[in-house]
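The numbers here are math on the coordinates, done by the rules we state, and not lab data. Note that the structure is predicted; figures quoted are calculated from it, not measured. Because the Cβ atoms are built from the backbone with ideal geometry, glycine has one as well, and the counts that use them run over all protein chains shown.
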Amino acid sequence: MLNTNPTRGILPRFKRSPLAFLTMAICATFAGCATAPPPSAPAPVARDLPPVPDRLMQPVPLPALQKGQDARAALRLTQTALIEANARLVASAGWYESVRKSYAILKPK
């Protein structure tokens with residue numbers, strides 16, 4: 001006799017083999033995931049930051065010291081350069097903190 005139902009011999013095998021049934025269920029799940037449309041990417045967020053003040057974040061030139069110069073004068077020049085550098089660093093940090101606070105207040109559109 002000719003077998004007219006091709007699934008007649010397969011279904012009893014699935015009942016006997018839970019692993020085969022699990023494999024078919026996983027394949028069907030992955031096939032559904034593969035045909036799903038890709039999620040849309042969020043729009044990039046961009047902000048126009050204010051320009052850095054020209055006086056800030058610039059290197060302080062080293063004082064020009066000459067051979068035979070008085071050590072106290074050389075120390076005073078070096079100390080003045082360090083004071084200027086530290087003042088620029090403090091001002092830069094204050095500027096950056098004010099920018100952070102102003103952007104924390106703004107809400108994205």
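Using the Cβ atoms and a cut-off under 14 Å, what net charge is assigned to the surroundings of Leu65, where Lys and Arg are +1 and Asp and Glu are -1? Could the numbers behind the result be given before it?
On the way: positive: Lys67, Arg72, Arg76; negative: Asp70.
Residues near Leu65 contribute +2 overall.
Using the Cα centre as the reference, give the magnitude of the dipole from point charges on the C-beta atoms of segment 62-109 (Lys, Arg: +1; Asp, Glu: -1; all else neutral), rounded to the nearest 20 debye.
In total the dipole reaches around 280 debye.
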